[in-house]
Amino acid sequence: MLERTRVAIIGAGPAGLLLSHLLHRHGIESVVLDSRTREQIETTIRAGILEQGTVEVLAGTGASDRVLTVGQKHEGIELRFGGEGHRVDFADMVGRAVWLYPQHEVLKDLIATRLAAGQDLRFGVTAERVEDAGTTRPRVLARDADGNVSEIEADVVVGADGSRGVTREAVAGTRGGYFREYPFAWFGILCEAPPSADELIYSNSPDGFALISQRSPTVQRMYFQCAPDTDPGAYSEDRLWEILQARVPGTTLREGRVFQRDVLRFRSFVTHEMRRGRVVLVGDAAHTVPPTGAKGMNLAVADVVLLTEALRALLLDKDGRLFDAFPETAQDRIWKAQHFSWWMTSMLHLQPGAAAFDRRRQLGELRTVVESGAGRAYLAEAYTGWPLPGREAILGY
Ligand code: PHB
């Protein structure tokens, strides 16, 4: 069956859902496809920190009210090293904040908003191929769980289908991208316990990195650096707490039942091509960052804010200049976020086989940051998020 829409969006993650929401506010129709079920999307645990600009876009466009009521505003983080905590005060440094609000809650809000507006969201539908990227009528070939095939022709196809999606291939072919792998991963847990601290703790310890994050007053999220091939079942619960406690010397963690564990791989990637003809990539389909610094979802939102303006101009004003320039325009923030994520990662983690020199140099770097107003201001500015170009247009609409 051949269907037509203005924008076919592959992937119902934060990028795809937010884009369809923002396009709808301009009266631009879209179809969103995702191979996962709604339940899978709404229950998969991902990141938890939203930049101030992300929150302004979500709350200011009616995508989520709960981010402001259920989400928690954080005005700083703690960097812990050498047995001491050092607070980086965002409010003081840059007058900005971040919000702790889990990604799957953002997705629940976006899905509810989209469905309430009668929008076309298709779960359990797998995009198999994108064709005719070089023409003004690109097409998505898709298949549902029963094997029914559909063909959607659009003015523009947007790949918001993550780092393993099919759209990247249609855009970048085998040309690949810029890539960096790290010799470690994060072991993540969710546990039933009260928060151990008011704010997030990023800890550099002689045994390796740990991050003490949160989810709610009764559920906490914590991570510790591990080898990339670690089996999530490898440790007993007692052993997990022993490892975590040892990684935050000077803090006593409040322990509780661990009810989920996972191992997160670390990769930095930026595709060589973000657009081919009328097919464009956003979010993880175009770039991935290691999780230190929580830039992944926020970068996806920044791509979408830019792309919304570009699509509005292309589809409503018949002016393709912003659309043609989109990859170039998006690159600036993408590489700033790549640098910040790499920097936080390399400053805080223990390199396997690091010499005594490297270890002392790293502590020197941490001390440079926390003892310098300029150092703390850079961290605060990057962590809370650089200004979002296009934000006014989105909010003002
Ligand atoms: C999280 O809570 O999942 C989280 C928070 C901060 C990060 C990464 C992950 O830098």
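The values are calculated or read from the model by the stated rules, or taken from the named source; none is laboratory data. Just so you know, these numbers come straight off a predicted model, no measurement behind them. Methodologically, a virtual Cβ is constructed for each residue, glycine included, from the backbone with ideal geometry; neighbour enumeration extends over all protein chains shown. The area values use the complete protein model at the heavy-atom level, side chains included, leaving out ligands, DNA and RNA. Shrake-Rupley method; radii C 1.70, N 1.55, O 1.52, S 1.80 Å.
Quick rundown of the values:
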| read-out | value |
| --- | --- |
| Single residue of Leu348, Leu379, Leu366 found to be touching a strand residue (DSSP E or B) at 6+ places or on another chain (Cβ under 9 Å), among the hydrophobic types (A, V, I, L, M, F, W, C) and under 18 Å from Trp186 (Cβ atoms) | Leu348 |
| Any pair with Cβ under 7 angstrom, 6 or more apart, that starts in the stretch 56-72 at a residue that is over 16 Å from Pro217 (Cα atoms) and open to solvent by 40 Å² or more (accessible area, probe 1.4 Å) and ends at one that is outside any helix (DSSP H, G or I) and among the hydroxyl-bearing types (Ser, Thr, Tyr) | none |
| Pair list, Cβ < 7 Å and 6+ apart or interchain, from the stretch 137-154 residues that are surrounded by 16 or more Cβ atoms within 10 Å (Cβ to Cβ) to residues that are in a loop (DSSP other than H, G, I, E, B) | Pro138/Asp132; Pro138/Gly277; Pro138/Arg278; Arg139/Asp132; Ser150/Met1; Glu153/Arg137; Ala154/Pro138 |
| Residues within the stretch 171-195 that are assigned to a loop (DSSP other than H, G, I, E, B) and either within 13 Å of the ligand (Cβ to nearest atom) or open to solvent by less than 10 Å² (accessible area, probe 1.4 Å) (or both), tallied | 2 |
| Residue within the stretch 5-19 that is crowded, with 17+ Cβ neighbours inside 10 Å and at positive phi present | yes |
| In the stretch 1-39, the residues that are of a type in the set (Gly, Ala, Ser) and either more than 21 Å from the chain's Cα centre (by Cα) or within 16 Å of the ligand (Cβ to nearest atom) (or both) | Ala8, Gly13, Gly27, Ser30 |
| Test: residue in the stretch 161-176 that is closer than 23 Å to Pro327 by Cβ, without any contact (Cβ under 8 Å) to a residue 40 or more places away in the chain and among the acidic types (Asp, Glu) | yes |
| Failed condition for Val98, given (1) open to solvent by 50 Å² or more (accessible area, probe 1.4 Å); (2) touching a Phe, Trp or Tyr at 6+ places or on another chain (Cβ under 7 Å); (3) not aromatic (Phe, Trp, Tyr) | (1) |
| Scan of the stretch 118-136 for residues that are at pLDDT 95 or above and either closer than 30 Å to Ser213 by Cβ or of a type in the set (A, V, I, L, M) (or both), ordered by number | Leu121, Phe123, Val125, Ala127, Val130 |
| Within the stretch 40-69, tally of residues that are within 16 Å of the ligand (Cβ to nearest atom) and at pLDDT 95 or above | 7 |
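Residue by residue, here is whether (1) assigned to a helix (DSSP H, G or I); (2) within 16 Å of the ligand (Cβ to nearest atom); (3) open to solvent by 40 Å² or more (accessible area, probe 1.4 Å) holds:
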position	(1), (2), (3)
Leu311	yes, no, no
Leu314	yes, no, no
Asp319	no, no, yes
Leu322	yes, no, yes
Pro352	no, no, yes
Gly375	yes, no, no
Pro387	no, no, yes
Leu395	yes, no, yes
